[in-house]
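Structure first, then comments.
The values are calculated or read from the model by the stated rules, or taken from the named source; none is laboratory data. Every value quoted in this text rests on a predicted model; they were computed, and no experiment measured them. Here the Cβ is made from the backbone with ideal geometry for all residues, glycine too, and neighbour counts use every protein chain on show. Accessible surface areas use protein heavy atoms only, side chains included; no ligands, DNA or RNA. Shrake-Rupley method; radii C 1.70, N 1.55, O 1.52, S 1.80 Å.
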Amino acid sequence: MSGATRQEVLGLYRKVLRIARRWQSQSGLDKDSDVEKKYICQEARNLFKQNRNITDPQLIKNCIEECNARIEIDAPPSNGPGHAERTPTTQAGGTEEAGKTHLPALSP
């Protein structure tokens with residue numbers, strides 16, 4: 001992985017962790033938000049660690065694109081709390097739990 005690509009991936013990882021830090025559950029309950037924040041951080045850690053040895057440039061590019069797309073779906077809008085549009089996902093490491101969609105990290 002080139003230095004620029006490595007920096008981009010590390011930037012995505014940090015971005016996912018920042019999203020998790022500011023995450024608010026749809027229920028608005030602190031308890032639910034805390035559970036989801038922990039899940040997002042753990043899922044990011046696991047998936048980034050799982051994929052850190054990928055060397056195929058196209059696969060790396062696909063992972064980066066998928067991560068960016070998931071960030072766009074689940075990141076809160078800049079004008080306030082909440083989530084832009086949450087769509088259930090069960091592919092490539094995502095999970096759907098009791099109607100809540102969690103932001104998975106970089107995965108092929």
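Within the option set Arg70, Arg86, being modelled with pLDDT under 90, open to solvent by less than 30 Å² (accessible area, probe 1.4 Å) and basic (Lys, Arg) holds for one residue only, Arg70. Close Cβ contacts (under 8 Å, 6 or more residues apart or on different chains) running from residues in region 46-61 that are among the hydroxyl-bearing types (Ser, Thr, Tyr) to residues that are open to solvent by 100 Å² or more (accessible area, probe 1.4 Å) and not in a helix (DSSP H, G or I) comprise Thr55/Met1.
Restricting region 23-38 to residues that are outside any loop (DSSP other than H, G, I, E, B) and over 16 Å from Asp74 (Cβ atoms) leaves a set whose member that is least open to solvent (accessible area, probe 1.4 Å) is Asp34.
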